[in-house]
């Protein structure tokens, strides 16, 4: 069922430029987590959002976050990223730079603009 739904979402995402939001945090049990959500507007001007990944991560280092973002985008076959909204932290700036470098080498790279939030 998961694979069927994932394939259905991939088909929809292929036709849209998406915006991403991501965040990382540490639980009270000292476990690091990351979430990645995609947002897009369909042809009828309806806003859609889907959680693409929610996972445990080894640390909050920029390259780690960047590699996980890249892996997730490749797994979901997403190459039309319009924006990424992410907390204003030095590790996140490193992650975005990593992702921009990697996406520049993709077959059909699309625009990637990063925005920081407090």
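The values are calculated or read from the model by the stated rules, or taken from the named source; none is laboratory data. A quick note: this is a predicted structure, and the numbers were derived from the prediction, not measured. Cβ coordinates were reconstructed from backbone atoms using ideal geometry, including for glycine residues, and neighbour counts include every protein chain displayed.
For the stretch 18-32, filtering for residues that are exposed (fewer than 14 other Cβ atoms within 10 Å of the Cβ) and under 12 Å from the mean Cα position of the chain (by Cα) leaves 0.
For residue 15, are the conditions met, namely being more than 15 Å from the chain's Cα centre (by Cα), surrounded by fewer than 17 Cβ atoms within 10 Å (Cβ to Cβ) and modelled with pLDDT under 90? Criteria met by residue 15.
For the stretch 33-55, a residue qualifies if it is surrounded by fewer than 16 Cβ atoms within 10 Å (Cβ to Cβ) and under 12 Å from residue 68 (Cβ atoms), and the qualifying residues are 33, 35, 54, 55.
Count of the stretch 94-111 residues, restricted to those that are at pLDDT 55 or above and touching a strand residue (DSSP E or B) at 6+ places or on another chain (Cβ under 8 Å), is 5.
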